[in-house]
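Below: one structure, written as structure tokens.
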Amino acid sequence: MDAQLVDRIYESCFSPEAWPGVLDEMGRIAGASGCSLFVSGKDVLHWVASPEPRARAEKMVREGWLWRGTVMARLFAQRHAGFLIDIDFFTPEELEREPIYQDVWRPQGVGWGMATAIPIPTGENATFVLSRRTEFGPFDRASAARLDEFRPHLARSVLISARLQLERARVAGEALAALGVPALVVDERGTVLFANKLIESMTGHVVWRAFGRVSLKDKAADRLLRDAIAMIDSEPARSVRSFPARDPEAETAMVAHIIPIRLSARDIFLRCAAVLAMTPVAAPKAPPVELVQSLFDLTPTEARVARSLASGKTVEDIASDGGVSLNTVRTHVRGVLAKTGCDRQAEVVALLSGLTPRPIAG
């Protein structure tokens, strides 16, 4: 066994940029043109590939080819703790009808495959896929056996990477708790990875669901939470990141903030996608413009309009003070309503009147 390659496999846990080189070496050992690694649940979440198959891997993920046909389903159904050659569980005639082979690989001169699926404790699968040019014929069992020697190390590396992500979630949540901020960390699908004790105690605002899910009791806020998580990788201007969240019974309000976690884009085991943090609303007092702008992603003009509303001014007053038309102010008011998740100006006033941090018990 190549001890240096084993070291590089474990290095990839901490330095994701090492994966392409590891995958390229795996391809060389098996007599393939390279290797791709896909992390998937119901669909492909993240992927990385060595140089030669990278364009094909990108096409398969972008256009959804990996889930067309029966290749992946049959691979997972085998539950084989090693590398499987395509002709192990397909006849040549069946392979000819598989969309991946027929429409992606064969037109590019690639005709044969070998793969292994490794379940991840966090619910996904890591799938290593190797491909080979048609004229070289199918992979042989000796090639699979050579890669099987490395599979236990690949599995451990995958496990360590997943656990590192969960540790990052814990550290982020506990750091916010030390600052008195109720918070939880979610993955890209909205599953809670870690919640600090402060947010766990907020039973008036937060509902804990099965399968690691969470929702807000305020239905309007919960819809905004779902939308913000779904758009976590989009530009901030396209998604509400901060919004009011009320306790329906006590009629107390908090401000929920969705904070994206930007880690290495090359880390294919990236699971910590965002933090949900809750800021309390305190006694009535018009908040500083800077605070309003930062909490609700408002433009500077929208923030000034919002603060003016909170201080009791009418739309007419704001237009007169700024020397602008009523229509201009109304446009800014509509922007404030959309970004704060409110339906009426009165709700904006109620939310912003007294938006100041206060200590959290515990």
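Numbers at a glance
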quantity: The range 36-95: radius of gyration over Cα atoms, expressed as a fraction of 2.2 N^0.38 Å; calculated: 1.18
quantity: Residue-span extension gain [D317 to M231] - 0.36 nm each, minus C-alpha spacing; calculated: 27.3 nm
quantity: In the range 315-345, trypsin sites (Lys or Arg not before Pro) in a DSSP loop with at most 15 other beta-carbon atoms within 10 Å; calculated: R344
quantity: Restraint check, K197/K217; K197/K313; K59/K339; K59/K217, Cα-Cα greater than 30 Å; calculated: K197/K313; K59/K339; K59/K217
quantity: Accessible area of the range 125-178 divided out per residue, in Å², using a probe of 1.4 angstrom; calculated: 46 Å²
quantity: The range 59-118 and the range 155-232: distance between their alpha carbon centers, rounded to Å; calculated: 35 Å
quantity: Computed accessible area, E124, all protein chains, 1.4 angstrom probe, square angstrom; calculated: 10 Å²
quantity: P(r) histogram, all alpha-carbon pairs of the range 136-211 included - 5 Å bins from 0, percent; calculated: 3, 13, 16, 15, 12, 8, 7, 8, 6, 5, 4, 3, 1
quantity: Whichever aspartates and glutamates have a C-alpha closer than 20 Å to that of K219, once near sequence neighbours (fewer than 8 apart) are set aside; calculated: E200, D227, D247, E249, E251, D343, E347
quantity: Rg(Cα)/(2.2 N^0.38 Å) for the range 1-42, N = residue count; calculated: 1.21
quantity: Positive-end residue, the range 50-173 charge dipole about Cα centroid, Cβ charges, pick of A155, L84, M60; calculated: A155
quantity: Point-to-point label distance, R189-D7, nm (Cα→Cβ direction, 7 Å offset); calculated: 3.7 nm
quantity: Debye, to nearest 20: dipole size of the range 182-227, +1 on Lys, Arg Cβ, -1 on Asp, Glu Cβ; calculated: 160 debye
quantity: Calculated from backbone phi, Karplus (6.51, -1.76, 1.60) coupling profile of the range 110-115 in Hz, x at Gly/Pro; calculated: 9, x, 9, x, 8, 7
quantity: Debye log10 I(q)/I(0) at q = 0.15, 0.35 Å⁻¹ for the range 91-132, Cα point scatterers; calculated: -0.46, -1.14
quantity: 12 Å beta-carbon shell around P138, net charge (K/R +1, D/E -1); calculated: -1
quantity: Calculated on alpha-carbon atoms, Rg and Dmax of the range 50-153 in Å; calculated: 13.3, 39
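The values are calculated or read from the model by the stated rules, or taken from the named source; none is laboratory data. Computed from a prediction, not measured in an experiment: that's the story for all the values here. Neighbour counts are summed over all protein chains in view; Cβ atoms, including those assigned to glycine, are modelled from backbone coordinates with ideal geometry. Heads up: the accessible areas ignore ligands, DNA and RNA and are worked out on the full protein's heavy atoms, side chains in. Shrake-Rupley method; radii C 1.70, N 1.55, O 1.52, S 1.80 Å.
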